[in-house]
Every structure is written in C-alpha cells, then in structure tokens.
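Structure first, then comments.
The values are calculated or read from the model by the stated rules, or taken from the named source; none is laboratory data. Just so it is clear, the structure is predicted and the values come from calculations on it, not from any experiment. Positions of Cβ are backbone-derived with ideal geometry, glycine not excepted, and every protein chain shown enters the neighbour counts.
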Amino acid sequence: MLLRRFMSHIRAENWFAVSLDLIVVVVGLFIGLQIDTWWEGRKDSRLEGEYLVEIKEDFQENKLKLEDTIARLEQILRSMLILQDQAALSEPTLPVPDLNQNFQQVFRMVAFVPIDRAFANLTGSGELRLISSRTLKSALAEYYSAARVTELVQQTHEMELVQIYEPYAIENLDYSTVAIGHVDDFPLPPPINDAGILKQISGREFRNVLTQKWVISTDLLAQHRGMLARTEEILEILDSLEGDNEPGSGGT
C-alpha cells in the first residue's frame with residue numbers, strides 16, 4: 001500500500017509527497033528500532049533479576065555450609081588441644097572412651113565445595129553480560145577462583161589422612177576404637193583393646209601426629225573463614241543491588 005502510493009507520487013513528480021513518504025518510513029523504522037531496543041532491555045533486565053535471585057540462593061546456601069564446616073573444624077581443633085593437654089600430664093585424667101572419642105577427630109577431613117549453579121549457567125551460556133554490576137561480576141570471579149585454591153588445599157590435606165593418620169592408628173592402636181563409622185546397621189564389633197591409646201599418649205610420635213593435625217586444621221580454618229568473609233561480601237552486594245532496584249529507589 002505504502003509502496004504503491006510512493007511510486008505513484010514519483011510518477012506524478014510530486015516531490016513534496018515523496019519527501020513526506022520517506023519521512024514516514026524513516027520515523028517508522030526509528031520507532032520500531034526503539035521499541036525493539038526497549039523490549040530487549042526489558043527482557044535482559046528480567047533475566048538479570050532471575051539470575052540475581054539464583055545467585056543469592058546459592059550464596060545463602062554456601063554461607064550455611066561454610067558456617068557448619070567452620071564449626072566442625074573448631075571442634076577438631078578443640079579435640080587436638082585436649083589431647084595435647086592430656087599428653088603433657090604424667091597420667092591422663094580423661095577416661096579412655098573420651099580419649100578415643102577425641103582422637104577420632106584426627107580422621108575427620110572437613111571439606112567445602114561451593115555451590116555454583118547460577119554462576120556456571122551464566123558463564124556456560126555466555127549470559128554473564130546480563131549482570132550489569134561490575135562489582136558483582138568481579139567479586140564472583142574472585143570468589144570461585146579462591147574456591148578452587150581452597151579445594152586444592154583440602155585435597156592436599158586429604159592425602160595426609162592416608163599417608164599419616166591411618167597408618168599411625170593401624171600400627172599403634174586398635175583401629176576400631178577410633179574409626180569413624182557411617183552406616184548404623186553395620187556396626188563394628190567391640191574393640192579388643194580400647195585402652196591402647198594410654199600407651200601412646202605420652203609418646204613423641206603421638207604428639208607429633210596431633211600437632212600435624214592441628215597445623216592442617218588451622219590452615220583449613222583460615223581458608224574457610226576467608227571464604228565465609230567473601231560469601232558475606234557478595235551477599236551484601238546482592239542486598240545493595242536489590243535496594244537499588246526497588247520502586248522509588250532511583251536505581252536503574
């Protein structure tokens with residue numbers, strides 16, 4: 001319709017009408033592009049909001065996991081110090097079951113593996129561009145880079161469980177007294193000699209094993225406390241972004 005009218009104006013050499021037709025076309029194209037741009041922006045903004053919700057859920061869960069991991073590491077350290085104090089006495093004051101229970105903590109290797117569902121989806125789909133906050137993008141990249149370092153530290157310390165603690169317990173103790181069971185319906189029989197720890201507790205090797213576990217646990221504790229601080233920082237950034245995007249806040 002518009003094309004036929006445009007051609008008829010050219011044939012009639014009505015250049016004023018031709019100019020008007022061109023203006024109408026150009027304005028229509030401009031408005032159409034503006035609408036497309038607005039719609040794409042609305043769609044990207046909606047997707048960004050959905051990702052921000054998912055990221056926050058991931059980091060709230062990471063915070064809970066880290067708090068639990070830190071609490072367990074602190075319990076391990078308390079047990080190592082209790083045994084060190086007992087080893088310094090001429091005769092332990094704690095009963096044998098308590099000594100064995102504390103020594104069980106030597107075999108606990110606490111690990112934190114961060115949840116990265118939202119970040120993995122963003123990077124895997126190429127949609128990281130949707131996150132408009134450079135501060136958040138930078139913090140996320142640094143967080144998961146630090147998490148990889150923490151995982152390497154954890155793996156290194158897990159190797160020491162096999163290389164140091166298990167061989168020591170198998171060689172010097174009734175291993176069933178200090179082994180950590182995981183299945184309630186398949187319990188071990190009672191140990192033959194649960195008091196073997198009394199012969200070891202005053203020895204140098206026993207104290208060295210405890211000290212090595214203390215070194216490992218303090219290293220991991222520092223790593224996990226650092227990750228918790230990073231987690232809380234990202235949650236604060238997410239909270240500030242929510243505030244900026246509330247109605248009437250003046251955010252974009």
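Structure above, values below:
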{"read-out": "Scope the stretch 180-204; condition under 25 Å from GLN86 (Cα atoms) and among the hydrophobic types (A, V, I, L, M, F, W, C); matching residues", "value": "ILE180, ILE192, ALA195, ILE197, LEU198, ILE201"}
{"read-out": "Boolean, LYS65 is out of contact with any strand residue (DSSP E or B) (no Cβ under 8 Å at 6 or more places or on another chain), of a type in the set (D, E, K, R), free of Cβ contacts under 8 Å to residues at least 60 places away in the same chain and in a helix (DSSP H, G or I)", "value": "yes"}
{"read-out": "Residue check, THR123 of a type in the set (Ser, Thr, Tyr), at pLDDT below 90 and part of a helix (DSSP H, G or I)", "value": "yes"}
{"read-out": "Count of the stretch 187-217 residues which are within 19 Å of GLN104 (Cβ to Cβ) and assigned to a helix (DSSP H, G or I)", "value": "17"}
{"read-out": "Candidates LEU173, LEU188, filtered to the one that is in contact with a Gly (Cβ under 7 Å, 6 or more places away or on another chain) and loosely packed, with under 15 Cβ neighbours inside 10 Å", "value": "LEU188"}
{"read-out": "Extreme residue, modelled with the lowest pLDDT, among residues of the stretch 149-170 that are crowded, with 16+ Cβ neighbours inside 10 Å and of a type in the set (Ser, Thr, Tyr)", "value": "TYR165"}
{"read-out": "Residue within the stretch 58-71 that is farther than 30 Å from LEU130 by Cα, modelled with pLDDT of 95 or more and surrounded by 14 or more Cβ atoms within 10 Å (Cβ to Cβ) present", "value": "yes"}
{"read-out": "Residue among SER19, SER79 that is small (Gly, Ala, Ser), modelled with pLDDT of 55 or more and surrounded by 14 or more Cβ atoms within 10 Å (Cβ to Cβ)", "value": "SER79"}
{"read-out": "Residue identified as without any contact (Cβ under 8 Å) to a residue 12 or more places away in the chain and under 30 Å from GLU61 (Cβ atoms) among ARG129, ARG117, ARG108", "value": "ARG129"}
